[in-house]
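Data first, discussion second: the structure below is written as structure tokens.
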Amino acid sequence: IKSLVNQFHVEIYLPGDNIILAGEFINKLYVIVRGRCEIVDAKDDTIVIKLLKENDFFGETSLLHGSTCERTVRSATYCVINVLTRNSFNSVRKNHPEFGQSLDATIMKKFVNTTS
């Protein structure tokens with residue numbers, strides 16, 4: 001866990017800042033430390049699909065294979081977000097394969113639950 005935590009870096013966003021734009025290729029995991037974010041409709045950013053709060057995360061499927069984001073995520077408030085890149089994640093998985101398998105299972109479980 002320490003190896004993984006050491007790979008995160010902090011990003012700060014102000015209210016209304018776009019964190020991810022729909023259609024953008026991402027290869028990062030975002031974990032909200034402080035604040036709230038909105039997942040908004042790709043075609044109409046006035047439609048909020050989901051509100052994310054502290055300890056929620058997004059971008060997790062991009063850690064497995066990189067992906068294009070289907071929705072825009074923007075900060076609703078001042079946000080402090082921990083970010084883990086795919087390269088850093090893969091480095092930790094390589095050095096700790098048992099932990100990597102557990103992380104993969106957690107990510108896939110969330111993905112299955114949100115697409116069902």
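The values are calculated or read from the model by the stated rules, or taken from the named source; none is laboratory data. Quick caveat, the model's predicted, so the values are computed rather than measured. Cβ: placed from backbone, ideal geometry, glycine included. Neighbour counts: every protein chain shown. Ligands, DNA and RNA are excluded from the accessible area calculation, which covers all protein heavy atoms including side chains. Shrake-Rupley method; radii C 1.70, N 1.55, O 1.52, S 1.80 Å.
Worth pointing out:
- Scope the stretch 3-50; condition open to solvent by 50 Å² or more (accessible area, probe 1.4 Å), touching an Asp or Glu at 6+ places or on another chain (Cβ under 7 Å) and under 13 Å from V73 (Cα atoms); matching residues: A42, I47, V48, I49
- Of all residues making up the stretch 55-100, the number that are open to solvent by less than 40 Å² (accessible area, probe 1.4 Å), assigned to a strand (DSSP E or B) and aromatic (F, W, Y): 1
- Selection count, the stretch 1-54, where residues are among the hydrophobic types (A, V, I, L, M, F, W, C), part of a loop (DSSP other than H, G, I, E, B) and farther than 23 Å from S88 by Cβ: 4
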